[in-house]
Amino acid sequence: MEKISVGILGATGMVGQNYIRLLDNHPWFEVVYVAASPGSAGKRYRDAVTGSWHMQTEIPKKAGALIVADANQISEAKGRCELLFSALEMDRKAVAELELGYASEGFAVVSNNSTHRWTEDVPMMIPEVNPHHLDIIPEQRKKREWSSGLIAVKSNCSIQSYMTPVYALERAGYKVGRMILSTLEALSGAGYPGPSAINVMDNIIPYIKDEEEKSEIEPNKVLARIENGAFVNHEPIKVSAHCNRVPVTHGHTACVSLEFAGQKPTLGDVRRIWKDFSGVPQELDLPFAPKQPIIYREEVDRPQPRKDRDKDKGMAVVVGRLRECPVFDIRFVGLHHNTVRGAAGGAILTAELLKARGYLGH
Ligand code: NAP
């Protein structure tokens, strides 16, 4: 099978480097184009990331030899790739315009940036939860007069630790009414170089800009349905989020209490629902789909970032500490790898779903 040519915007950053690592030898996609800020443009990729390569594997040879382009120059990507992963961190308005510009030039854009998450006709994807949201793409293309271009985005990384477990319960008929959560978010979530060592060593920072707002509203779009070519938001789950930056390198943890709006599951029901949960990416056997999207750990002291974040290529959500909640109904701890499941890996899985659904590869 001929591979789909792929470009990465923001290829030199924390998420961009994960794309380079994860796409090395991907069966469907081949990285042929890398772009970043004007400061990196013109350098070989391996030189652009000298001193800031954070992956534990070596820089893949082919990607290392690519010349970094300026991501602001859409014309440089033309004719070189079909699919673009966007991991840009810059002014929101500039990212919004740039991503639209690429899509209108015929590129399929899958973005980690938050700027288009609430754009009306843009799906916000967690492929196990809302694969049907890609059905909005024909509408998006029609409305914007794009033939091959499209935009799909990932949800905020912090919500990944609990949205698949919450969705699994909703799918089984247990409607969640209210949720209180505290996140413990890794340093890599802030990109590179992130917060300075003097601020985070021996410390917790109880504030991450805009993170609580995103955590409180994004679940309702992720769980939305499509009616007459438009998203209709899910009956709101009321969420109260406390988001904290902690001195962990990778892996976001969330401590969650849930209250059900109607029928309540037993703890045994919840455990069984999570263990048996599987979605469309698993049915389609997509290359990046974890075999078991939700892994339940029975040990009293798991999940832990260092021990659990890399489960199944870093694509599984690991949950544990399920117990009754004296205020709401149940409580648990969820964990995921923020730069993999929460960023590059989740976007790759979205692109695989786009391909499987026939939106790529023309
Ligand atoms: P990062 O490490 O700061 O990387 C930012 C990238 O954007 C770099 O490649 C940088 O290129 C490029 N860039 C910066 N200014 C630019 C400009 N003016 N023009 C063109 N390119 C520019 O950030 P990150 O953590 O990888 O995050 C990337 C995106 O993913 C962000 O929107 C972030 O919110 C989102 N995200 C991150 C995570 C995570 O866990 N880190 C999770 C989910 C979503 P240079 O190296 O040349 O400066």
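Remarks
- Pick from the range 34-48, criterion more than 8 Å from the ligand (Cβ to nearest atom) and buried (at least 21 other Cβ atoms within 10 Å of the Cβ), ranking: farthest from residue 354 (Cα to Cα): 45
- Residues of the range 9-25 satisfying the condition of being under 21 Å from residue 356 (Cβ atoms) and under 18 Å from the mean Cα position of the chain (by Cα): 19, 22, 23
- Test for residue 16: is it within 8 Å of the ligand (Cβ to nearest atom), out of contact with any Lys or Arg (no Cβ under 6 Å at 6 or more places or on another chain) and not in a loop (DSSP other than H, G, I, E, B): yes
- For first residues located in the range 52-73 and under 22 Å from residue 95 (Cα atoms), partners that are among the aromatic types (Phe, Trp, Tyr) and buried (at least 19 other Cβ atoms within 10 Å of the Cβ) and lie 6+ apart or on another chain with Cβ distances below 6 Å form the pairs 68/45.
- Test: residue in the range 179-192 that is away from the ligand (no atom under 13 Å from the Cβ) and in a helix (DSSP H, G or I): no
- In the set 122, 109, 129, only one residue is closer than 15 Å to residue 220 by Cα, touching a strand residue (DSSP E or B) at 6+ places or on another chain (Cβ under 6 Å) and away from the ligand (no atom under 12 Å from the Cβ); that residue is 122.
- For residue 207, the test of being within 15 Å of the ligand (Cβ to nearest atom), among the aromatic types (Phe, Trp, Tyr) and not in a helix (DSSP H, G or I) is failed.
- Selection within the range 286-303 - surrounded by fewer than 20 Cβ atoms within 10 Å (Cβ to Cβ) and without any contact (Cβ under 8 Å) to a residue 40 or more places away in the chain: 291, 292, 297, 298, 299, 300, 301, 302
Here's the yes/no breakdown for (1) in contact with a helix residue (DSSP H, G or I) (Cβ under 7 Å, 6 or more places away or on another chain); (2) hydroxyl-bearing (Ser, Thr, Tyr); (3) surrounded by 18 or more Cβ atoms within 10 Å (Cβ to Cβ):
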position	(1), (2), (3)
315	yes, no, yes
321	no, no, no
333	no, no, yes
337	yes, no, yes
340	yes, no, yes
344	yes, no, yes
348	yes, no, yes
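- Failed condition for residue 85, given (1) outside any helix (DSSP H, G or I); (2) more than 13 Å from the ligand (Cβ to nearest atom); (3) touching a residue at least 24 places away in the same chain (Cβ under 8 Å): (2)
- The range 88-106: number of residues that are near the ligand (Cβ under 9 Å from one of its atoms) and surrounded by 24 or more Cβ atoms within 10 Å (Cβ to Cβ): 1
Every number in this text was worked out from the coordinates using simple rules, so none of it is lab data. These numbers come from a predicted model, not from an experiment. Reconstructed Cβ throughout: ideal geometry from the backbone, glycine too, with neighbour counts over all protein chains shown.
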